[in-house]
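The values are calculated or read from the model by the stated rules, or taken from the named source; none is laboratory data. On a predicted model such as this, the values are computed, not experimentally measured, just so you know. Positions of Cβ are backbone-derived with ideal geometry, glycine not excepted, and every protein chain shown enters the neighbour counts. Calculation scope for accessible area: heavy atoms of the full protein, side chains included, ligands and nucleic acids excluded. Shrake-Rupley method; radii C 1.70, N 1.55, O 1.52, S 1.80 Å.
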Amino acid sequence: MEEQIFSFFIEKGELLLSENPESPIQNTLKMWIEAKESGGWDLDEIVYRFPKGAGPEDFAKESEIRNMKCHISEGWTLNIVSRQQLEKLKKEKKRGRGQERVCFLCISQDEKEYRYTFFAQAGWYFEKNPVFELELYDVMTTAEEGCAQVPCELFYDEEKCGFHTYEILKRRKGTVTIYDFYPDRGAVAAGERVFLNWKAENAEELTLYADGEGSKLDTASHGCFVSPAKSTRYRLEAKNGENTSRRETLVQVLPAFLKKFWINEEEGTVEWEVLCAGRVTIDGMDVSPKNSRSLDAFSCPGKITLTAGGMGREIVSVLYYGTEEERTDIVHFRKTVTDFGDAGFQLLHVEWKKYQVARENGVKTFRIVYQDRERNELSVIGGMDSLPDEGSWEQILTGTARGRAGELILMTMQVCVYQGTGSQDYEITI
Amino acid sequence: MEILDLKINGRETGEEGYQAAVGERLALSWKCGGCDGCVIYPYGWEGGPEGSAELFAYQPMTLLFRAYDKKESVQKEIPVTLSGKECLKGVSVQPAGIVKAGEETVFSFGLEHTDFGYLDHGIGRVEGDSSRQFLRDNYSVYRYCILSGSTGRTAFQEQTVKAGRDDALALDRLRYLLTRDGESQLYRLEWRIANHGGAPVSIRISDSSEEIGSGPSGCKEWKREGGDVRTLSIRCRKQTGEELYFGSIYPYEIK
């Protein structure tokens with residue numbers, strides 16, 4: 001079907017089940033249709049189909065549907081007609097262009113469904129306010145809990161011009177469920193704000209517990225900020241009468257962790273994300289823990305340095321941003337030193353990713369050399385004459401002065417071109 | 001929707017969780033039924049209904065695995081603790097002593113409650129209790145470190161072993177001294193290249209077309225002004241094809 005010119009709405013979309021037909025719960029359902037653009041008359045018939053039965057996908061039993069009542073848009077007169085009368089009215093269709101606000105309702109059924117057919121001889125005028133409103137009341141159902149699908153079809157001159165399926169949830173009174181409860185981030189620095197999300201249904205009372213202390217929440221809320229000073233287990237409790245639903249989640253306060261720091265070539269940006277960091281800098285400037293910045297802000301070729309720290313860990317990471325020629329060889333080349341503080345060691349982590357030039361044209365070899373300027377140590381990492389296209393290498397630094405690993409430990413990527421290719425060898429040092 | 005399978009290093013974990021060595025590589029694998037995706041906390045990695053991820057346990061934490069669809073989620077937790085019993089019993093090499101070019105040396109590590117460590121000379125992190133290497137450096141000391149510690153304090157243990165060749169082309173000695181004299185800087189460089197086999201050696205600085213040294217060993221002094229960054233390079237290539245790897249890429253910044 002082409003793009004719909006109508007929008008379909010329902011208020012709440014829920015039926016409370018009647019456990020005992022002697023004391024039925026009378027529900028109300030309000031559904032309405034709006035036109036996306038005002039103007040026009042090309043709608044004269046609206047059909048709702050209610051699946052009948054006692055199953056989880058049924059709306060209600062036949063006897064229950066038969067007893068429900070309805071209102072339609074204010075200002076309209078509703079006349080109940082038989083099927084034969086409706087057919088006759090359709091043949092006598094006239095176009096009053098809205099002067100006559102009369103609607104006919106024909107209720108019919110087959111083995112599977114109950115149909116409500118609304119017909120307006122003069123048609124409905126389109127407007128962004130509801131074109132047609134239907135309020136069903138005294139709706140009682142003893143069908144099983146579940147979701148009933150009620151199709152709604154729109155016609156003009158018996159040609160379909162709109163369609164929607166309303167989903168109507170059926171549940172027992174008093175049922176309360178927390179479907180979801182999770183933090184935006186699972187790890188933060190001490191005192192850092194994190195948003196807890198939840199999806200609770202039918203709660204009359206909602207309480208968030210942290211370390212045994214509870215605070216009442218608005219039952220219509222879907223989340224809140226918390227700022228844990230230490231790793232904290234949060235418990236959300238939703239109540240409805242005697243029924244309770246509980247979910248737990250955990251926000252951990254951990255040492256700083258570098259999750260992402262790389263060049264996004266397509267976007268032309270450098271992107272970073274550091275978890276649990278008290279302070280993050282890019283080239284000495286304070287930045288937020290998760291962000292991106294245009295590469296135009298950096299010199300080329302150049303090194304972009306990120307620092308971060310938190311809970312006894314200090315991270316210094318250097319990302320190489322090469323010239324255009326170099327970038328056809330190398331996707332990224334990054335060196336990260338994590339200082340474990342009083343533990344007396346640092347970890348050096350090197351990551352690279354290169355394009356597959358070596359295999360494609362066979363003229364270049366790549367290798368990375370580790371250099372400890374303090375100890376005068378030089379080594380080709382992994383003893384490899386040519387690097388795999390993507391990889392990482394890690395070394396513990398036990399004798400390197402704290403805070404000086406960045407300048408004392410250098411990693412150099414050497415790109416060697418065979419003679420006669422017209423290109424030159426080059427080196428990248430970070 | 002349910003989490004059908006959740007394992008660390010191929011093992012299902014109970015309520016007691018997973019006890020890891022400090023820095024252990026944890027391979028997490030999962031399979032969920034009827035979910036749209038999943039998130040692994042604390043680091044917030046996103047994945048599909050089935051997949052794997054890798055992380056390193058440097059501190060105790062709880063892995064929280066959350067599988068979700070449009071309506072709801074289910075979750076499982078795996079507490080990861082650190083054993084604190086990691087111990088390095090010893091390091092040995094086979095064959096013992098000096099090896100010949102192309103000969104493989106096997107390092108063996110006596111490990112308890114851990115299964116990885118770090119070897120220097122460019123070898124890096126070694127998983128398991130042995131490592132096979134074709135050594136390129138001269139016969140020298142190799143350091144092997146493991147991480148240890150529990151919740152209180154992370155530390156490291158180190159042992160050394162001698163290994164290597166006696167015929168490897170190597171930068172055996174490099175000393176560098178800078179003395180400032182007002183605006184001028186006086187540089188002094190000492191070098192020695194082992195097993196060069198008579199191959200020419202070239203030592204240059206990037207702001208000069210002339211060599212500052214050419215012998216396999218020596219000492220050179222020079223003076224310069226200004227603070228521009230320059231690169232020092234040392235090159236040596238034997239007729240056998242063996243090359244001083246660092247010769248052309250020794251980026252000793254002279255500031």
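Taking the criterion of being touching a residue at least 60 places away in the same chain (Cβ under 8 Å), more than 16 Å from the chain's Cα centre (by Cα) and at the interface with chain A (Cβ under 7 Å from one of its Cβ atoms), the residues of segment B:150-173 that qualify are B:THR154, B:LEU171. Scanning segment A:395-415 for residues that are hydroxyl-bearing (Ser, Thr, Tyr) and either in contact with a Ser or Thr (Cβ under 8 Å, 6 or more places away or on another chain) or at the interface with chain B (Cβ under 7 Å from one of its Cβ atoms) (or both) turns up A:THR398, A:THR412. Residues that are closer than 19 Å to A:SER392 by Cβ, open to solvent by less than 70 Å² (accessible area, probe 1.4 Å) and over 27 Å from the mean Cα position of the chain (by Cα) do occur in segment A:288-304. Residues in segment A:182-228 that are of a type in the set (Val, Ile, Thr) and not in a strand (DSSP E or B): A:THR219 alone. Restricting segment A:360-394 to residues that are modelled with pLDDT under 75 and away from chain B (no Cβ under 12 Å) leaves a set whose member that is most open to solvent (accessible area, probe 1.4 Å) is A:GLU360. Selection of segment A:164-191 for residues being touching a strand residue (DSSP E or B) at 6+ places or on another chain (Cβ under 8 Å), more than 19 Å from B:ALA67 (Cβ to Cβ) and either open to solvent by 30 Å² or more (accessible area, probe 1.4 Å) or among the charged types (D, E, K, R) (or both) yields A:HIS164, A:THR165, A:GLU167, A:LEU169, A:LYS170, A:ARG171, A:ARG172, A:LYS173, A:THR175, A:ALA190. Taking the listed residues B:LYS71, B:LYS89, the one that is free of Cβ contacts under 8 Å to residues at least 24 places away in the same chain and within 14 Å of another protein chain (Cβ to nearest Cβ) is B:LYS71, with no other qualifying. For the condition open to solvent by less than 60 Å² (accessible area, probe 1.4 Å), farther than 16 Å from B:GLU72 by Cβ, without any contact (Cβ under 8 Å) to a residue 40 or more places away in the chain and in contact with a strand residue (DSSP E or B) (Cβ under 6 Å, 6 or more places away or on another chain), A:LEU250 does not qualify. Among the residues of segment B:107-136, those identified as within 14 Å of another protein chain (Cβ to nearest Cβ) and of a type in the set (A, V, I, L, M) are B:LEU119, B:ILE123, B:VAL126, B:LEU135.
Out of the residues in segment B:45-55 that are open to solvent by 50 Å² or more (accessible area, probe 1.4 Å) and assigned to a strand (DSSP E or B), which is nearest to the other protein chains (Cβ to nearest Cβ)?
Only one residue fits best here, namely B:TRP45.
If you go through segment B:81-117 and keep only what is outside any loop (DSSP other than H, G, I, E, B), touching a Ser or Thr at 6+ places or on another chain (Cβ under 6 Å), closer than 25 Å to B:ALA57 by Cβ and open to solvent by less than 40 Å² (accessible area, probe 1.4 Å), you end up with B:LEU82, B:PHE107.
Applying a threshold of 6 Å to beta carbon distances and a minimum spacing of six or more residues, or different chains, the list of pairs starting in segment B:209-221 at a residue that is farther than 19 Å from B:ALA199 by Cβ and ending at one that is open to solvent by 50 Å² or more (accessible area, probe 1.4 Å) reads B:GLU221/B:ARG188. Residues in segment B:138-173 that are in contact with a strand residue (DSSP E or B) (Cβ under 7 Å, 6 or more places away or on another chain) and modelled with pLDDT under 75: B:SER150, B:THR151.
If the condition is being closer than 21 Å to A:LEU89 by Cα and open to solvent by 50 Å² or more (accessible area, probe 1.4 Å), then segment A:106-139 contributes A:ILE107, A:GLN109, A:TYR125. Applying the condition of being among the acidic types (Asp, Glu) and under 22 Å from B:GLY48 (Cβ atoms) to segment B:1-19 and asking which residue is most open to solvent (accessible area, probe 1.4 Å) yields B:GLU12.
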